[in-house]
Amino acid sequence: MSQSKQNIQNGSCPVYKKCGGCQLQNLSYPEQLRFKQNKVEKLLKGFGRVAPVIGMDDPYHYRNKVQAAFRTDRNGRIQSGVYQSGTHRIVSIDSCQIEDRTADEIIVAVRRLLPSFRMTTYNEDTRKGFLRHVLVKRGFATNEVMVVLVTGTPIFPSKNHFVKALREQFPQITTIVQNINPYQTNLVLGERQNVLYGKGYIEDVLCGCRFRISPKSFYQINPVQTELLYNKAIEFAGLKGKETVLDAYCGIGTIGIVAAKHGAGQVIGVELNGDAVRDAIQNAKANGLKNIRFYKGDAGEFMQAVADEGEQLDIVLMDPPRAGSSERFLDALIRLAPPKVVYVSCNPETLARDLAYLRKNSAYRVQQIQPVDMFPHTAHVECVVKLMKHNGEGR
Ligand code: SAH
């Protein structure tokens with residue numbers, strides 16, 4: 001067995017240092033979970049008891065979304081992989097222990113097909129050349145596979161033959177999209193896209209609901225753990241059947257749609273990204289839900305407007321990005337005063353900051369804290385927190 005294979009099986013990857021994606025790889029999985037438990041307890045134990053982190057049975061190949069940058073080295077060899085942390089040098093990667101295996105195989109196959117189709121790779125310095133990135137997303141429940149070829153220029157001379165050759169090798173591919181990104185940017189995807197094959201998006205199923213995922217919209221990258229996370233959020237919400245629920249920072253509407261399916265009276269979703277809101281509206285329809293509406297906008301501003309109108313909310317579900325929520329949002333939450341708040345967070349530091357703000361400025365008190373390991377081998381940890389309004393009685 002080669003040294004690199006041996007390393008992977010021992011849990012440490014040959015490009016561990018250069019890639020920088022899996023910060024905890026030197027620890028066994030139980031040690032990683034202890035590390036995350038300690039991290040959350042350190043930050044949150046002042047608010048209440050932290051339940052034991054929910055880990056994965058099989059913490060490998062969980063990523064349903066994989067992207068690779070393409071480049072040609074000085075010797076004319078085509079490379080694909082990730083950027084070395086903090087640089088624009090590429091670390092070649094053919095397989096990764098946290099990424100979906102099919103996605104990795106497709107990326108290698110694209111790289112091997114390029115020369116026979118005379119397809120070049122994009123050069124960031126000269127801004128010439130063709131292929132910049134390949135992005136693959138797979139629906140774990142549906143097995144639908146989307147391949148996005150990100151190109152520096154729109155012209156794709158051999159596209160039909162290329163698509164045919166790739167589909168012959170991977171009949172499980174359900175859609176292929178060309179995304180055009182001619183800009184000098186760190187963003188992977190550009191604005192324009194052409195569907196080369198299939199419907200241009202994939203679908204996946206979470207908690208019994210079906211979701212459409214387009215190339216640009218946010219979707220949780222670990223669907224196995226996302227189901228557990230959402231189930232916890234719904235359990236904490238304790239829906240009885242008539243509640244008005246706000247899903248703030250709703251993305252493509254996943255949590256709100258699951259809540260609507262689990263008996264919420266009506267659900268309102270708010271989200272900043274227009275593509276995600278379009279997907280959310282489509283997703284509500286596809287799941288046959290009439291009791292859910294979505295708005296595009298800043299969650300804080302939206303909450304202020306709802307508070308100004310004097311509307312009553314029973315539950316606020318919130319799932320902000322890593323930067324956490326804003327004081328504007330939290331002030332509106334305090335004014336609206338829903339009896340229950342469920343805060344889903346991908347960053348325990350900003351979660352602690354926001355919980356401290358609520359403790360100082362309102363009667364909300366933490367009732368339950370549940371960490372979930374959504375990102376094994378990395379230092380990240382997700383948490384779901386239940387807050388209730390303390391009415392002061394008995395104190
Ligand atoms: N709840 C969703 C998405 C969570 S990710 C899910 O589980 O899939 C956080 C989301 O917040 C992203 O979709 C991002 O576009 C959105 N967002 C970021 N800042 C925002 C703001 N100020 N107001 C509303 N949405 C925002």
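Details
- Take the conditions (1) buried (at least 16 other Cβ atoms within 10 Å of the Cβ); (2) out of contact with any helix residue (DSSP H, G or I) (no Cβ under 8 Å at 6 or more places or on another chain); (3) modelled with pLDDT of 95 or more; ASP279 misses just one of them, which is (3).
- Across segment 151-172, not a single residue is classified as crowded, with 21+ Cβ neighbours inside 10 Å and within 21 Å of the chain's Cα centre (by Cα).
- Matching option when the condition is near the ligand (Cβ under 10 Å from one of its atoms), assigned to a loop (DSSP other than H, G, I, E, B), of a type in the set (A, V, I, L, M) and assigned by TED's automatic domain parsing to the domain that holds THR350, among ALA276, ALA264, ALA323: ALA323
- Taken together, the residues in segment 238-257 that are within 7 Å of the ligand (Cβ to nearest atom) and in contact with a Lys or Arg (Cβ under 8 Å, 6 or more places away or on another chain) amount to 1.
- Scanning segment 47-78 for residues that are open to solvent by less than 70 Å² (accessible area, probe 1.4 Å), without any contact (Cβ under 8 Å) to a residue 40 or more places away in the chain and on the phi < 0 side of the Ramachandran plot yields a single hit, ASP73.
- Looking at segment 165-252, the strands (runs of 3 or more DSSP E) lying wholly inside it that each contain 3 or more residues that are of a type in the set (Val, Ile, Thr) and touching a residue at least 24 places away in the same chain (Cβ under 8 Å) sit at 173-180.
- Neighbours by Cβ (under 6 Å, 6+ apart or cross-chain): first from segment 266-288, without any contact (Cβ under 8 Å) to a residue 60 or more places away in the chain; second more than 14 Å from the ligand (Cβ to nearest atom) and in a strand (DSSP E or B): GLN266/THR244; ILE268/ARG293
- The residues listed here are LEU336, LEU351; of these, the one that is free of Cβ contacts under 8 Å to residues at least 60 places away in the same chain and either more than 18 Å from the chain's Cα centre (by Cα) or in the same structural domain as GLY238 (by TED's automatic domain parsing) (or both) is LEU336.
- Among the residues of segment 198-227, the ones that are more than 30 Å from ASP125 (Cα to Cα), of a type outside the set (D, E, K, R) and open to solvent by 70 Å² or more (accessible area, probe 1.4 Å) come to 1 in all.
- Residue match in segment 305-323 (condition: closer than 24 Å to ARG210 by Cβ, without any contact (Cβ under 8 Å) to a residue 24 or more places away in the chain and either in contact with a His (Cβ under 7 Å, 6 or more places away or on another chain) or open to solvent by 60 Å² or more (accessible area, probe 1.4 Å) (or both)): no
- Taken over segment 38-89, the residue count meeting the criterion of being basic (Lys, Arg) and over 27 Å from LYS128 (Cβ atoms) is 6.
- Take the conditions (1) surrounded by fewer than 20 Cβ atoms within 10 Å (Cβ to Cβ); (2) among the aliphatic types (A, V, I, L, M); (3) within 12 Å of the ligand (Cβ to nearest atom); ALA337 misses just one of them, which is (3).
The values are calculated or read from the model by the stated rules, or taken from the named source; none is laboratory data. All values derive from a computational prediction rather than experimental measurement. No Cβ is skipped: glycine too gets one built from the backbone with ideal geometry, and neighbour counts run over all protein chains shown. Just so you know, the surface numbers come from the protein's heavy atoms only, side chains and all, with ligands and any DNA or RNA stripped out. Shrake-Rupley method; radii C 1.70, N 1.55, O 1.52, S 1.80 Å.
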